[in-house]
Amino acid sequence: MNTFNDEKPRVIMTEHKIVNNNPTAPTVLDDQFDVKKFKKIFRIVIVRYENNEMEFDMIGIHPFLANTFRRLIISDVPSMAIEKVHILNNTSIIQDEVLAHRLGLIPLRADPRLFEYKADWSTPPNEKDTLEFELKIKCSNNKDSSKKESSRAEDIYKNPNVYSKHIKWVPIGNQKKKFKDVEVGPIHPDILISKMRPGHELDLKLFAVKSNGKDHAKFSPVATAFYRLLPEIKIVKPVEGEAAYRLQQCFSPGVIGVRSEGDKKLAVVKDARYDTSSRNIFRYDDLKDAVVMSKIQDHFIFTIESVGAMQPDVIFKEAITLLKEKCLSLLNELNS
Amino acid sequence: MDNINKELFGDPKLYRKPVKEIEEKWKLVPAFLKIKGLVRQHIDSFNYFINVEIKKIVEANNKVTCDADPLFYIKYTNVHVGTPDVDEGFNISKPTTPHECRLRDMTYSAPISVDIEYTRGGQRVARTGLLIGRMPIMLKSSNCVLSNKSEYELAKMNECPLDPGGYFVVKGQEKVILIQEQLSKNRMLVEEGKWGVQCQVTSLTHDKKSRTVVFIKGNKYYMGHNTFTDPIPVSIVFKAMDVLSDKEICELIGIPDIHKLTPTLEECHKLKIYTQEAALKHLGSKIVAKRYVTSASKIKTPTDEARDLLATTVLAHVPVEEYDFRLKAVYLGLMVKRVIQGQIDKKFLDDRDYYGNKRMELAGSLISLMFEDAFKRFNFDLKSIAEKTIPKIRATQFDVVKYMRSELITNCLVFAISTGNWTIKRFRMERLGVTQVLSRLSYISALGMMTRVNSQFESTRKVSGPRSLQPSQWGMLCPSDTPEGESCGLVKNLALMTHVTTDIDEYPLIRLAKNCGVEDIGMVASIAIHSPAAFIVCLNGNILGVTTNYKKLINVFRLMRRKGKISNYVSIYPSFLHKCVYISSDGGRLCRPYIIVENGQPLVTQQHIVDLENGIRSFEDFLHDGLIEFLDVNEENDSYIACYEKDITQQTTHLEIATFTLLGVCAGLVPYPHHNQSPRNTYQCAMGKQAMGTIGYNQRNRMDTLLYNLVYPQIPMCKSKSIELTNFDKLPAGQNATIAVMSYSGYDIEDALILNKASIDRGFGRCLVYRNSKCIMKRYPNQTFDRIQGPMMDTQTNQAMWKHSCLDNDGIASPGEQVQNRQVLVNKSVPTVSAVPGTPSSTTVEYKETPLGYRNIEPSYIEKVLISTNEEDTTLIKILLRQTRRPEIGDKFSSRHGQKGVIGLIVEQEDMPFNEYGICPDIIMNPHGYPSRMTVGKLLELLSGKAGTVEGKFHYGTAFGGSKVEDVGNELIKHGYNYQGKDFFYSGITGEPLEAYIYSGPVYYQKLKHMVQDKIHARARGPRAVLTRQPTEGRSRDGGLRLGEMERDCLIGYGASMMLVERLMVSSDQCEVDVCNQCGRLGYCGWCNSCKSSGQVSTVTMPYACKLLLTELQAMNITARLSLSNYCK
């Protein structure tokens, strides 16, 4: 087995399994957690931050901590979603329960930090814990004669499709002062809720509350949050000529480069970061032993894709706060 | 040099250019299905019946006479089946649609009207359009309102355009007449019998069904028939058929070794039978005595009767005109010959299970049997009415039309179809379960039912022959689709391109055969019939004649068929063994289309396919141009068929259109079935029918008793051509779940699945269950009727009481409302007195409450309410209830490879493993499911499904084809995935990488109808049976859980006697009984009635069942006396 002789903790991807490689020096992984030491090594590097997606590196952290953040983001960081639907009228084809389910999954723009958890469903909704919306729409024949020739549903009928943009916010109490109109409502205006035909009508009252992903996936503030370990690729035997290009093909674009050295073409590792661990070199017997692929165990490439209500960095910070609270409450429990 | 070349490469004259593969030739399959449809066989057969055969039946029974008046007669001149309508009362009828009938619990039927000519008094009267009954109409048949309608028109009629039709709507229920498989009639079948080799023929004509057997017993040949008490030596039968010379008998039998016949011929001489008269007299003495002799039947002499029997009943299908037995004698001779041949050589024995010897009985022929029986009864009734009424002196003239009641035929047909009991008196036929309710679990289950073939064979007998896969089943019946267990191999399904023939007129065929040099059998000398050069020509089991040039005959017939001069479905093939040419034009033969190959080149070319794609050609054009023809099983065996173009040689006669058509509708759903172990495909065929999904485009308009729908059905990522052809992609039943093949927790053993909770939250496996509740508002003879009242109000709150809280003001539950267990759906009440006819005694009628309640622990929502009237004009209220269910632990799921499993655990998303892309699986499946099941197809489905998702297209897993693993792997590489489909995963719990690479990707999963919610059951205390006072049985009655015999044995074995007492008595039917110590009988309230004292009575605890036994015995005059002794002495 190929072994790396370095101080970084890493796993080696062999053909059929993943093998642990024992580092020469003690690392974060086998040390007892020590805040001082942790402070010294731990680094966060933000690599990419666009719209609702953020990619950042967490270096020098134990997997359990990295995983804790991931788990907290998915299931504990709260967000707002439609939980109760009062159906005053629904003559559309879609069933009441299914309609309510679909509405629940629509991401809402509302900062959950400004709300409280709804403690008791028997109490009427109030400004602190509930956002109220309204969806009132009716489909009818389009009287506009200019589009009579058309056979598209959009032209023949009025409101043939119900989109999330049709959901209207109804402020309760001082909510109108507290939030501006742009701050509350569905994030995406074009989520199809239902299709309708003349005579169909929806008249709904929607109530959004604050909760977390443990309760229902719709409350999860992220589309997904995950991490991967930093890949590292080492070419241990020189790969030349045609084989070099073949090697390049085995990895994601940009991972392997081909350098000309005289008239020889030599494969070199350009940037291993974006390798997708596809391990396709194992298809070729001659390349199998030329490359050692490994992953560094304390270097996490963390990706947070926010649904849109909160920015990814805010979500991450929320997760940290939550962790802190949890630890404190545990300590309290232990001390008492 | 030339010689060497010839030796090495063969004769250059035989060289031919390589056959190019005809690309996309499978497109002929959709073209075929477009004109034929998947259930064409049913519709064709029914069309043939209502358009052709019903006329023949009426013509065959067209005259009713009566013995009372020789001048009286009724003559049917014409019969006509109309279009479906419904009686709206007051003699007004309006056209109806099948959907209306389904909703209103009516029968979708059309009037059968006849034109008659009859005598009234002395006059001859003609009447037209008289109703004699109503015929249930098959959907999409020629008389159905749905035939030849566009999608838009079908939608207007609330009908799904993809619905195949081919079933009936009887009393609101959809009924299918299953295809019945049976041995072909009117054909000789040589097999090993009781005494040795025998040759049997089951003759079937319009009015007779009989079985004739020729067999060998000892060294003599006998003919057996159930009208004769004993077997009769064939020589006597020949003599009775006016073949008097022994020489001619030998010639008719036509075997070289005449000595074999000597003992049989001797029999004649022993009995001194030399003339036809003597032979008939002998036969007359053997006739089975008739059970009843009608007064009307003329007294015939035994000789005459024997002659009649011989002419009409023995070998009834062989025509005898004017008592000319020539043809029948030749036929009998051939039968004897077959027996002798079978004796000499086993290869002459026929195979019962061979599909060439089988016929499919379809809806049309079954209904025609039923109709003819009913029609005969109808005529008989008319006749007996005429006989009873005519002699009476009456004021008005006897008009028979008044006595023509349409109920007889209507009820007979409706009863037969709705119960499935096919009782035909004249054939003494009694069959059960001919029809079944069309299963509407999913679209595929309905479709699968339409192609089902039921074997007449008893399912209890343990014989492997009829159950095993017959080689002749190839391409006709699906090799995978059969149930497991009891009826395994007896219930089959048609393959995709199978067609079942209907009867074809014989007359043109006879003429054509005669023109091709077939000598009429009447013209041929007996000695010539079996001469070595001659081939006997048989048409539908009857001997037509003899030919010396059979090749020409066959070639001409095939040419004429390809040219369209005779029907496409006529089959002709030689049997060199029998030295016969068989021509078949009868109904019920299985056949399928093939591309014709001539001189090593298929006639269908690439250009033809291009034309087909461009819509210039249709399948019919291929038939017309003689590029494609239908072969039945027998002719198939006379052909040399290549599966692929590369297999074509000089001798090849036909080419397969597409290999995947070998499978049926259900097996067509399986991707890569050719990579699976065969039982797995069979399991999937059974499970595909239980999958929930879409029923049809009209599913929201239906009000079935039970209907399952998936909330978000999906098209499988890995499709197959059959899926597209059967429209499964338009009405799917399942979802593409991302699965990871790995073990997780311990809740995945024994095929249990781990589900991702977030996936369920987002709608995975969510289903809708619709159920209906029905009630009828009756009217009673005493002018009273059922009534519905509004909800009962609580006087204090002025709100409806809880039980009535979902009722509307009209007393019927209102749509959208939630109903809980024991709430009322319809607040109906019934008058207490209803039996006494006449006007109600007082103005006030007393009512008893009989509400229609909702009984289910889980609440439902009311989807809609239908108020209508049914056929009897009583008000019908149907309430459709809806439940939405999300998957829970214990719900059953299955992939398309016979891999079923229940949910073992539902896991939070954060605990699920995730890969480098952040994808976490919807389902985790244990890898132990693979090695023993060997479902490689599932592995391939996953791989091509995954490649399809990253590439953005559907991959194909068509049988014997489909996307290749190599291509699929390359596609994965292109998108940066591992070529083997194995990804790098991280544990969601520890956060560390998993040691193994995980095989993961999308697999199509079906949710099966077995859900925990419908099965969950527990009881502590509850209802008891009235008679025994023991807990009731079964979930529906909230029954107890039985401690059975075996469990009891365990307790006995363990010695837990108090536990036994507790389980079997205390917790069941414990009861205190007073027993008199003096007389040992049971007392009551501390008093012994027989001793008239209370002195010796003591109270004993015993099971109520025991007390019941004692009392019941006493009631039968048996006294069981109990003697009591002290328990602890």
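Observations, loosely collected:
- Strands (runs of 3 or more DSSP E) within segment B:828-898 that include 1 or more residues touching a Leu at 6+ places or on another chain (Cβ under 9 Å) and at pLDDT 90 or above: B:828-831, B:860-869, B:875-885, B:892-895
- Answer from B:T96, B:T83, B:T77 - the residue that is open to solvent by less than 30 Å² (accessible area, probe 1.4 Å) and of a type in the set (S, T, N, Q): B:T96
- B:I628 under 24 Å from B:Y355 (Cβ atoms), open to solvent by 50 Å² or more (accessible area, probe 1.4 Å) and of a type outside the set (D, E): no
- Residue count for segment B:922-972, restricted to those that are touching a residue at least 40 places away in the same chain (Cβ under 8 Å) and charged (D, E, K, R): 5
- Selected residue [loosely packed, with under 13 Cβ neighbours inside 10 Å and assigned by TED's automatic domain parsing to the domain that holds B:V741] from B:D967, B:D983: B:D967
- Scope segment B:999-1014; condition open to solvent by 10 Å² or more (accessible area, probe 1.4 Å) and either over 18 Å from B:G890 (Cβ atoms) or touching a helix residue (DSSP H, G or I) at 6+ places or on another chain (Cβ under 7 Å) (or both); matching residues: B:Y999, B:P1002
- Criterion violated by B:P716 - all others in (1) closer than 18 Å to B:C160 by Cβ; (2) in contact (Cβ under 8 Å) with a residue 12 or more places away in the chain satisfied: (1)
- Residue within segment A:219-235 that is part of a loop (DSSP other than H, G, I, E, B), free of Cβ contacts under 8 Å to residues at least 60 places away in the same chain and away from chain B (no Cβ under 12 Å) present: no
- Of the residues making up segment A:107-143, just one is under 12 Å from A:M80 (Cα atoms), open to solvent by 40 Å² or more (accessible area, probe 1.4 Å) and in a strand (DSSP E or B), namely A:R109.
- Total residues in segment B:513-555 satisfying the condition of being open to solvent by less than 40 Å² (accessible area, probe 1.4 Å), under 29 Å from B:D621 (Cα atoms) and under 41 Å from the mean Cα position of the chain (by Cα): the figure is 5.
- Test: residue in segment B:186-205 that is closer than 30 Å to B:I35 by Cβ and either assigned to a loop (DSSP other than H, G, I, E, B) or aliphatic (A, V, I, L, M) (or both): no
- Close Cβ contacts (under 6 Å, 6 or more residues apart or on different chains) running from residues in segment B:249-266 that are under 14 Å from B:V330 (Cβ atoms) and assigned to a helix (DSSP H, G or I) to residues that are open to solvent by 20 Å² or more (accessible area, probe 1.4 Å) and not hydroxyl-bearing (S, T, Y) comprise B:C250/B:I258; B:E251/B:I527; B:I253/B:K337.
- Segment B:669-706 - residue that is aliphatic (A, V, I, L, M) and under 30 Å from B:I879 (Cβ atoms) and, of those, surrounded by the most Cβ atoms within 10 Å (Cβ to Cβ): B:A691
- Selection of first residues in segment B:1038-1052 that are touching a residue at least 40 places away in the same chain (Cβ under 8 Å) and in a helix (DSSP H, G or I) and of second residues that are charged (D, E, K, R) and open to solvent by 90 Å² or more (accessible area, probe 1.4 Å), restricted to Cβ pairs under 8 Å at least 6 apart or on distinct chains, gives an empty result.
The rows are residues; the columns are (1) within 14 Å of another protein chain (Cβ to nearest Cβ); (2) in contact with a strand residue (DSSP E or B) (Cβ under 9 Å, 6 or more places away or on another chain); (3) in a strand (DSSP E or B); (4) open to solvent by 10 Å² or more (accessible area, probe 1.4 Å).
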position	(1), (2), (3), (4)
B:Y708	yes, yes, yes, yes
B:P713	yes, yes, no, yes
B:N727	no, no, no, yes
B:T738	yes, yes, yes, yes
B:Y744	no, yes, no, yes
B:Y747	no, yes, no, yes
B:E750	no, yes, no, yes
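- Members of segment B:638-653 that are open to solvent by 50 Å² or more (accessible area, probe 1.4 Å) and assigned to a loop (DSSP other than H, G, I, E, B): B:D638, B:Y640, B:Y644, B:Q650, B:Q651
- In segment B:982-1004, the residues that are of a type outside the set (S, T, Y), within 9 Å of chain A (Cβ to nearest Cβ) and more than 25 Å from B:Q714 (Cα to Cα): B:F984, B:G988, B:I989, B:G991, B:E992, B:P993, B:L994, B:E995, B:A996
- Candidate set: segment B:423-453, residues that are assigned to a strand (DSSP E or B) and at pLDDT below 90; chosen: the one most open to solvent (accessible area, probe 1.4 Å): B:E430
- Some residue of segment B:966-981 being within 13 Å of chain A (Cβ to nearest Cβ), of a type in the set (V, I, T) and outside any loop (DSSP other than H, G, I, E, B): yes
- Subset of segment A:58-81 [at the interface with chain B (Cβ under 8 Å from one of its Cβ atoms) and closer than 22 Å to A:D129 by Cα]: A:I74, A:S75
- In segment B:223-248, the residues that are crowded, with 19+ Cβ neighbours inside 10 Å, of a type outside the set (D, E, K, R) and in contact (Cβ under 8 Å) with a residue 40 or more places away in the chain: B:M223, B:H225, B:F228, B:I232, B:V234, B:I236, B:V237, B:F238, B:A240, B:M241, B:V243
- The set of residues in segment A:273-308 being in a loop (DSSP other than H, G, I, E, B) and either within 9 Å of chain B (Cβ to nearest Cβ) or open to solvent by 10 Å² or more (accessible area, probe 1.4 Å) (or both) consists of A:R273, A:Y274, A:D275, A:T276, A:S277, A:S278, A:R279, A:Y284, A:D289, A:V307, A:G308.
- Subset of segment A:83-100 that is at the interface with chain B (Cβ under 9 Å from one of its Cβ atoms) and among the β-branched types (V, I, T) - its residue that is nearest to B:F764 (Cα to Cα): A:V98
- Within segment B:113-150, considering residues that are out of contact with any strand residue (DSSP E or B) (no Cβ under 8 Å at 6 or more places or on another chain) and among the small types (G, A, S), the one nearest to B:S45 (Cα to Cα): B:S141
- Failed item in (1) open to solvent by less than 10 Å² (accessible area, probe 1.4 Å); (2) over 21 Å from B:S113 (Cα atoms); (3) at pLDDT 90 or above, with B:V29 passing the rest: (3)
- Test: B:A758 is more than 14 Å from every other protein chain (Cβ to nearest Cβ) and within 16 Å of B:M912 (Cα to Cα): no
- Candidate set from segment A:166-223 (those that are at pLDDT below 90 and of a type in the set (K, R)); member that is least open to solvent (accessible area, probe 1.4 Å): A:K178
The values are calculated or read from the model by the stated rules, or taken from the named source; none is laboratory data. These numbers come from a predicted model, not from an experiment. Virtual Cβ from ideal backbone geometry, glycine too; neighbours counted across all protein chains shown. The protein model used for the area step is the full one, side chains on, heavy atoms only, and it has no ligands, DNA or RNA in it. Shrake-Rupley method; radii C 1.70, N 1.55, O 1.52, S 1.80 Å.
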